[in-house]
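Here the structure is laid out as structure tokens; the discussion comes afterwards.
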Amino acid sequence: MNQTRDIVIVGGGVTGLCTAIHLKTLGAQKVTILERHHVGAGQSHRAAGIVRALVRHEMVATALAESLAFIKNFEQQFGDRIAFHPTGYLLLCELDQMQIARDAIAAAASAGCQASVIDAHEAQEIQPGVRHDDATSYIYEPDAIYMDPMPALQALTRVAKQLGVDIIEGCRVGDILTENDRVIGVETERGRFTAPKILIATSTWGKAQLAGLGIDV
């Protein structure tokens, strides 16, 4: 059976769900998520649940800052709540890694997030019992948050469905189909899904599909 969609997202984890929600708020029509097992079956439900912008890459830091705002404003925007805890994020590094830490602080600042070097006494107040020696430096991002991955995934799933995203579980995706060097859909255990736009949101599990297009991940 051939089914036609505007956008097909392969993978029902946090990346696939959040992308689908954003696409619907931007006006996309027929958005479908195809998940091999069940929503959150892969890495997403095993994640540490920490969202912070303290990374070296400016583009990634910007995306993470947007993720922080998305989660914090989720209930106001969608009427459903992702429970989170404003724990902050404490990073320990060796003295010879300080340039890496400074690069991360600069990238976070460029994304609008604050992070700074703190002393050992401040680090002990934030995390009693944390390692304390002359070879360690401490960087703290106060606005980072922690959330339980499974309730967060459930909230994302509810909102995606309310917005009209079609989520099909138990649907293993095989090949990405192309015609004249353009993507035209995917082949699955439940037939073909035709769509001009495909997102592979399965982390390393998408390697096989992308290899069929000559893309090495």
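Some observations on this one:
- In the chain, helices alone account for a calculated mean residue ellipticity at 222 nm of -9500 deg cm²/dmol, with every DSSP H run of four or more residues adding -39,500 (n - 2.57).
- List His37, His45, ordered by accessible area with a 1.4 Å probe, largest first: His37, His45
- Helix 58-72 and the longest principal axis of the Cα set of the chain meet at an angle near 80°.
- Charges were assigned to the Cβ only: +1 to each Lys and Arg, -1 to each Asp and Glu. The resulting dipole of the chain about its Cα centre is roughly 1040 debye.
- Among the lysines of the chain, pairs that are 8 or more positions apart or on different chains and have alpha carbons within less than 20 Å of each other number 7.
- Once the Kirkwood radius over Cα pairs is known for segment 10-100, the Stokes-Einstein relation at 4 °C and 1.567 mPa s delivers a diffusion coefficient of 84 µm²/s.
- Pairs of Cα atoms in segment 109-217 fall into 5 Å distance bins, from 0 up to the last occupied one, in shares of 2, 8, 12, 12, 11, 11, 9, 9, 9, 8, 6, 3, 0 percent.
- Here segment 59-135 is described by how far its Cα atoms reach on the three principal axes: 48, 29, 12 Å, from widest to narrowest.
- All Cα pairs of the chain, percent lying beyond 30 Å: 35
The values are calculated or read from the model by the stated rules, or taken from the named source; none is laboratory data. The structure displayed is predicted, hence computed values, not measured ones. Cβ coordinates were reconstructed from backbone atoms using ideal geometry, including for glycine residues, and neighbour counts include every protein chain displayed. The area values use the complete protein model at the heavy-atom level, side chains included, leaving out ligands, DNA and RNA. Shrake-Rupley method; radii C 1.70, N 1.55, O 1.52, S 1.80 Å.
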